[in-house]
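Here is the structure we will look at.
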């Protein structure tokens with residue numbers, strides 16, 4: 001039996017609610033369909049303490065046999081994630097097959113949420129790094145959004161310094177936002193309303209930790 005406070009969820013989108021004073025509060029809605037505990041790792045057996053959780057659904061024919069053995073007829077899960085137990089936030093005892101629901105949290109709790117940000121493809125330096133671009137007058141031609149010189153790395157002889165900000169793939173990064181607040185808990189629909197914005201598109205898998 002372990003003590004834990006975390007759950008996997010799916011980003012639904014943004015909305016707004018009103019607080020007790022009538023102020024508008026922007027929130028992100030997260031559906032936390034019951035998470036199922038698949039495996040419990042211990043220091044004695046695995047050298048560290050962690051819990052594996054299954055979330056979402058997929059067709060049984062798309063699940064490989066080793067995964068089917070891990071699932072132990074508990075369901076056909078789309079996602080499997082592992083949470084390390086580094087601290088004991090709230091006493092919630094659980095075992096294999098137990099369900100983790102939205103009621104792990106209450107209104108006012110501070111959480112950190114991790115997810116994969118929106119992918120924006122290959123972008124230039126102005127969009128990717130916030131460069132100002134070249135002057136729009138005084139003879140600039142066909143070079144308004146170019147990066148400019150990429151330098152000689154502090155010495156004579158052409159090479160590009162490591163870490164030089166240039167054009168490239170943007171987004172699709174794992175992002176963690178801390179100190180977000182639970183604005184509302186809907187136990188009937190297994191939904192969490194979290195104040196503020198959360199990384200990712202609609203349908204993104206989110207890891208919510210207390």
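The values are calculated or read from the model by the stated rules, or taken from the named source; none is laboratory data. The structure displayed is predicted, hence computed values, not measured ones. Cβ placement follows ideal geometry from the backbone for every residue including glycine, while neighbour counts extend to all protein chains displayed.
Data overview
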{"item": "Restricting the stretch 157-205 to residues that are in contact with a helix residue (DSSP H, G or I) (Cβ under 6 Å, 6 or more places away or on another chain) and surrounded by 12 or more Cβ atoms within 10 Å (Cβ to Cβ), the residue that is nearest to residue 27 (Cα to Cα)", "result": "192"}
{"item": "Among residues of the stretch 45-71, those that are part of a loop (DSSP other than H, G, I, E, B) and either within 21 Å of residue 207 (Cβ to Cβ) or under 26 Å from the mean Cα position of the chain (by Cα) (or both), counted", "result": "8"}
{"item": "Residues (in a loop (DSSP other than H, G, I, E, B) and touching a residue at least 24 places away in the same chain (Cβ under 8 Å)) located in the stretch 107-130", "result": "107, 108, 109, 117, 118, 124"}
{"item": "Tabulated pairs, the stretch 1-20, first modelled with pLDDT under 90, second surrounded by 14 or more Cβ atoms within 10 Å (Cβ to Cβ) and assigned to a strand (DSSP E or B), C-beta under 6 angstrom, 6+ apart or interchain", "result": "6/83; 6/209; 19/25"}
{"item": "Verdict on residue 54 being at pLDDT 85 or above and in contact with a helix residue (DSSP H, G or I) (Cβ under 7 Å, 6 or more places away or on another chain)", "result": "yes"}
{"item": "Total residues in the stretch 21-40, condition in a strand (DSSP E or B) and in contact (Cβ under 8 Å) with a residue 24 or more places away in the chain", "result": "13"}
{"item": "Some residue of the stretch 147-158 being at pLDDT 90 or above and touching a strand residue (DSSP E or B) at 6+ places or on another chain (Cβ under 8 Å)", "result": "no"}
{"item": "Filter result for residue 151 (assigned to a loop (DSSP other than H, G, I, E, B), on the phi > 0 side of the Ramachandran plot, touching a residue at least 12 places away in the same chain (Cβ under 8 Å) and loosely packed, with under 14 Cβ neighbours inside 10 Å)", "result": "yes"}
